[in-house]
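See structure below.
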Amino acid sequence: MTITEKLLARAAGLDQVTPGQFVTCKLDLVLANDITAPLAIEAFSALGVAEVFDRDKIALVADHSTPNKDIKSAMQTKLMRGFARSNEITHYYEACGGGIEHIILPDKGLVLPGDVVIGADSHTCTYGALGAFSTGVGSTDAGVAMALGECWFRVPESIKFVYSGRLGKWVTGKDLILYTIGRIGVDGARYRAMEFCGPVIEALPMADRFTICNMAIEAGGKSGIIDPDQKALDWVSPRAHRRFEPLHSDPDAEYAQVHEWNAENIEPQVSFPHLPENARPLSEVGEIVIDQSVIGACTNGRLEDLQAAAEVLKGHKVAPGMRCIIIPGSHQIHLEATRSGLVETFLQAGCLVSTPTCGPCLGGHMGILAAGERAIATTNRNFVGRMGHTDSEVYLAGPYVAAASAIAGKICGPDDI
Amino acid sequence: MSIKGTAHKYGDHVDTDVIIPARYLNTSDPAELAAHCMEDIDTEFLARRKPGDIIVAGKNFGCGSSREHAPIAIKHAGISCVIAGTFARIFYRNALNIGLPIIESEEAAAGIADGDEVEVDLEAGTVRNLTQGTEFGFAPLVGTAQDLVQAGGLKALAMKKLRK
């Protein structure tokens, strides 16, 4: 069996499962945020149960409109906060100590290798980087799971992605996943588990692994997953507050497809509007003048991403008129970026440094585009109107390219600065 | 249950951001959400649609964000059914969970044009294009997906489980 099949089988109390089978799994964590929790709470309340299945296994995170952008958002968050208090939810996060859900949950050790997790947010697939089965669901699924502690799944077929060779200069996990989506399309892995492996993945830092699994949904994937190797276990161990049992794919596991790519041929990637699959190598981008650069999000808001951006921005100024918005992924990352001098580097370069929020990624606030404006962003989606007006454009890239482009005022790589 | 209405046709990869833009996600009120349904892909949709109408689209309908606000907006805009070549999986789940009928059929999706009158029989598994005089079959739901629809959505199914 694949790691995904094994995770679902174990959580369903079965010795074996096969793709296509319907199973009901015990959950290790149920997540919702300030946009999806209100509807989940409504679904939970409709069931008429006295209490949540386990107050330690629910995470509620205010991050999308945080700090609340308007009165309605404030009311939504207030509802979630009130629910968290009255149900004594252990893991409620907002403002101080909080941050973007998919960054803080792994950082705080709330998701561990071997877990089965659902979240009312499509990028819940991020935690596959830890060797967990984790997938996005809607609010009703999350609300019902808060009562029952379980969820049904159709066991997905798995697709294996093997990356050989070595990554070139300025090429990151973000570039690998944009390249991958470019090759298979935004529905290339629809309903399937994407298993990322090979020497390139093994050599990648955890931050890049989270970025890759984060975007499995952009290829239609049900989940993304990476084998929990020693590097993952070393990362998790100091964070874990409970026991965990990692699982691994069998050598003879069956895959619906296997893709093998040599990373030596992969340049930094830029995904053109209005689909993540429109990935092009940086050398084929041409002259794209931009108004804004956003560096952050659950895709690339980790400390390593900020370090990459600072490496490029140090000693430079952003282009005249450029809005370069840096968004640390959590309060803790913001603190570490301040302590290590990254924040000063950004401010000296003329960037704006925001408090943690999903904000501009979904066109919520903190950097909305007008008609005709263009942004480069380390976020994960570039759909029509995603960051603002329907006549605006978002180009997706990694932190090196987003930082270099902010300096040049047009899309380019660090070597062009 | 028989469904009959005018088709509103869209292409591939209709994402949940265009179905209900995130700038309206500061509420969970179905009527407010419905008032902005499809706004970023078709500004005429709300004025043109009549109760009972049907949305028809190509592949990967509902891709992107997990927002259940998307099927809620569609349902409360009076749409009786969505027919698509394929659905993105979270949207598919959400639609079943909240009781929005959806039909996955590449043939039906390709065989219906914007403005066609369409009749759907969910039990019989047929889509009839009354304008063009054509008919398409579709496979019934299986497993938990079928249980969900029969129970009337996930909340009803969960309550059944809780009562046991």
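For the condition assigned to a loop (DSSP other than H, G, I, E, B), more than 13 Å from chain A (Cβ to nearest Cβ), among the β-branched types (Val, Ile, Thr) and buried (at least 18 other Cβ atoms within 10 Å of the Cβ), what is the one hit in B:Ile79, B:Ile83, B:Ile103? Going through B:Ile79, B:Ile83, B:Ile103 in turn, just one is assigned to a loop (DSSP other than H, G, I, E, B), more than 13 Å from chain A (Cβ to nearest Cβ), among the β-branched types (Val, Ile, Thr) and buried (at least 18 other Cβ atoms within 10 Å of the Cβ): B:Ile79. For B:Phe91, the conditions (1) within 14 Å of chain A (Cβ to nearest Cβ); (2) within 21 Å of B:Lys155 (Cβ to Cβ); (3) free of Cβ contacts under 8 Å to residues at least 60 places away in the same chain all hold with the exception of (3).
Restricting the first member to segment A:189-217 and to residues that are on the phi > 0 side of the Ramachandran plot, and the second to residues that are among the acidic types (Asp, Glu), the beta-carbon pairs closer than 8 Å and six or more apart or on different chains are A:Tyr191/A:Glu157; A:Gly198/A:Glu260.
Considering only residues that are within 14 Å of another protein chain (Cβ to nearest Cβ) and at negative phi, look in segment B:50-60 and name the one that is surrounded by the most Cβ atoms within 10 Å (Cβ to Cβ). For segment B:50-60, the residue satisfying everything is B:Ala57.
Pairs are defined by a Cβ separation below 7 Å, a sequence spacing of at least 6 or placement on different chains, a first member in segment A:34-47 that is buried (at least 24 other Cβ atoms within 10 Å of the Cβ), and a second member that is among the basic types (Lys, Arg) and not in a loop (DSSP other than H, G, I, E, B); the pairs so defined are A:Ala43/B:Lys155. In this structure, is A:Cys213 within 19 Å of B:Arg93 (Cβ to Cβ) and either modelled with pLDDT of 95 or more or outside the structural domain of A:Phe44 (by TED's automatic domain parsing) (or both)? No; evaluated as a whole, the condition is false for this residue. Against the test of being closer than 20 Å to B:Lys164 by Cα and not in a helix (DSSP H, G or I), the options A:Ala32, A:Ala59, A:Ala43, A:Ala50 yield a single qualifying residue, A:Ala50. The single condition among (1) touching a residue at least 60 places away in the same chain (Cβ under 8 Å); (2) more than 10 Å from chain B (Cβ to nearest Cβ); (3) under 30 Å from A:Cys197 (Cα atoms); (4) not aromatic (Phe, Trp, Tyr) that A:Ala12 does not meet is (1).
Residues checked against (1) among the acidic types (Asp, Glu); (2) outside the structural domain of A:Glu277 (by TED's automatic domain parsing); (3) surrounded by fewer than 24 Cβ atoms within 10 Å (Cβ to Cβ):
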| site | (1), (2), (3) |
| --- | --- |
| A:Ser293 | no, no, no |
| A:Ala297 | no, no, no |
| A:Gly301 | no, no, no |
| A:Glu311 | yes, no, yes |
| A:Arg323 | no, no, yes |
| A:Cys351 | no, no, no |
| A:Ser354 | no, no, yes |
| A:Cys358 | no, no, no |
| A:Ile376 | no, no, no |
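Checking each residue in segment A:137-178 for being part of a helix (DSSP H, G or I), more than 9 Å from chain B (Cβ to nearest Cβ) and surrounded by fewer than 23 Cβ atoms within 10 Å (Cβ to Cβ) picks out no residue at all. Exactly one residue out of B:Ala7, B:Ala47 is part of a helix (DSSP H, G or I), more than 10 Å from chain A (Cβ to nearest Cβ) and modelled with pLDDT of 95 or more: that is B:Ala47.
Checking the condition of a type outside the set (Lys, Arg) and either loosely packed, with under 15 Cβ neighbours inside 10 Å or more than 14 Å from chain A (Cβ to nearest Cβ) (or both), which residue from B:Thr131, B:Thr144 passes? The unique qualifying residue is B:Thr131.
Scanning segment B:147-164 for residues that are at the interface with chain A (Cβ under 8 Å from one of its Cβ atoms) and of a type in the set (Gly, Ala, Ser), we see that the one that is surrounded by the fewest Cβ atoms within 10 Å (Cβ to Cβ) is B:Gly153.
If the condition is being assigned to a helix (DSSP H, G or I) and charged (D, E, K, R), then segment A:209-243 contributes A:Arg209, A:Glu218, A:Lys231, A:Asp234.
Residues that are part of a helix (DSSP H, G or I) and within 30 Å of B:Glu44 (Cβ to Cβ): does segment B:152-164 have at least one? For segment B:152-164, residues part of a helix (DSSP H, G or I) and within 30 Å of B:Glu44 (Cβ to Cβ): absent. Pick out, from segment A:295-388, the helices (runs of 4 or more DSSP H) lying fully within it that include 2 or more residues that are within 14 Å of chain B (Cβ to nearest Cβ) and at pLDDT 95 or above. Those helices (runs of 4 or more DSSP H) span A:297-300.
The values are calculated or read from the model by the stated rules, or taken from the named source; none is laboratory data. Since the model is a prediction, treat every value here as computed from it, not as a measurement. Positions of Cβ are backbone-derived with ideal geometry, glycine not excepted, and every protein chain shown enters the neighbour counts.
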